[in-house]
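Below is one structure, written out as structure tokens; the observations come after it.
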Amino acid sequence: MEKITVLDKTFVKYIPVQEVNAATERVAQQINEDYKNDKPILLVNLNGAMIFAAELLQKLTMPCRISCIKFVSYSGMQSTHTVTPLIGLNEDLTGQRVIIVEDIVDTGETYEHLCEVLQAAKVKDVRMATMALKTDVYNRSIPVHYVGLPIPNKFVVGHGLDYDGWGRNLPDIYQVCE
Ligand code: 5GP
């Protein structure tokens, strides 16, 4: 088993990049089918979603745009249970079909908060496309429409996901060793 160290933690290789890429392809195919007669805007939640979003974007076949935001809730390996908008909405999304692009959905706190912000911004509708979903932890009633990788409740890094800012550049996804 391939192990790496990021700061003070050891991680073991969990999902190889080929599987991540196949998951992105599946998500893109679903979005291409669902939005074939639309012009959605992808709302990319920085920093973690930047790699998944860049890969997803290139596989989309309809006319589409992106806009970036930065709403954070994690510090280290813990949720702070407060969603802080470091970069907020910076364009008028009235009447738009919005697809939020996330690296990972955990409890859904960030997602729920973003839905409220987007509702107030009078968008037409909102869907979520996430590279990974912690299926056992997600506890909100709003559907997570496009899920690349359903994963268990263990902290992961790589492919955009960080531990205190480090590890985003790892192509594979790694799981923390207890
Ligand atoms: P939620 O609001 O759904 O509880 O948490 C979502 C946010 O928490 C993600 O955007 C991500 O920044 C962070 N997060 C949750 N789980 C993990 C994880 O296992 N690894 C990393 N790197 N970030 C996580």
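Values quoted throughout were computed directly from the atomic coordinates according to the rules given, and no laboratory measurement underlies them. Owing to the predicted nature of the structure, the values given are computational and were not obtained by experimental measurement. Backbone-built Cβ (ideal geometry, glycine too); neighbour counts: all protein chains shown.
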Which lysines does Lys124 reach when only Cα atoms under 23 Å apart count, and residues fewer than 8 places away in its own chain are ignored?
Lys36, Lys39, Lys70
Once amide H atoms are placed 1.01 Å from N in the peptide plane, what residues at a sequence separation of 5 or more from Tyr163, or on another chain, have their amide H within under 5 Å of its amide H?
Arg168
Which aspartates and glutamates does Lys59 reach when only Cα atoms under 18 Å apart count, and residues fewer than 8 places away in its own chain are ignored?
Glu19, Glu25, Glu33, Asp34, Asp38, Glu102, Asp103
Using modelled amide H (1.01 Å from N, peptide plane; none on Pro or chain starts), what sits under 5 Å from the amide H of Leu133, excluding residues fewer than 5 places away?
Val105, Leu149, Ile151
Go through Trp166, Ala28, Leu114 and say which Cα lies farthest out towards the positive end of the charge dipole of the chain; charges sit on Cβ, +1 for Lys and Arg, -1 for Asp and Glu.
Ala28
Calculated from backbone phi, Karplus (6.51, -1.76, 1.60) coupling profile of region 32-37 in Hz, x at Gly/Pro
4, 5, 5, 10, 5, 10
With R₀ set to 30 angstrom, the calculated FRET efficiency between the beta-carbons of Glu112 and Thr5, to the nearest 0.05, is 0.30
What is the calculated FRET efficiency for Val12 to His81, with r their C-beta to C-beta distance and R₀ = 25 Å, to the nearest 0.05?
0.35
Helical mean residue ellipticity (222 nm; -39500 (n - 2.57) per DSSP H run of 4+; nearest 500) of the chain:
-6500 deg cm²/dmol
With DSSP loop assignment and no more than 15 other C-beta atoms within 10 Å, the GluC sites (Glu not before Pro) in region 90-135 are Glu91
Roughly what % antiparallel, to the nearest 5, for the DSSP beta bridges in the chain?
45
³J(HN,Hα) across region 14-24 via Karplus (A = 6.51, B = -1.76, C = 1.60, θ = phi - 60°), whole Hz, x for Gly/Pro?
10, 10, x, 4, 4, 6, 5, 5, 5, 5, 4
Loop-resident sites, region 102-178, for trypsin sites (Lys or Arg not before Pro), counting at most 16 other Cβ within 10 Å (DSSP)
Lys122, Lys124, Arg140, Lys154
Convert each backbone phi in region 73-81 into a coupling constant with the Karplus relation 6.51 cos²θ - 1.76 cosθ + 1.60 (shift: θ = phi - 60°), then list the ³J(HN,Hα) values in order as whole Hz, x for Gly and Pro.
9, 9, 9, x, 10, 10, 6, 8, 6
Return, for the Cα atoms of region 1-130, the radius of gyration and Dmax in Å, separated by a comma.
15.9, 49
So if R0 is 30 Å, what FRET efficiency would Ile142 and Asp164 give, r being the distance between their Cβ atoms, rounded to the nearest 0.05?
0.55
Identify the GluC sites (Glu not before Pro) of region 1-81 meeting these criteria: DSSP loop state and at most 15 other C-beta atoms within 10 Å of the C-beta.
Glu2
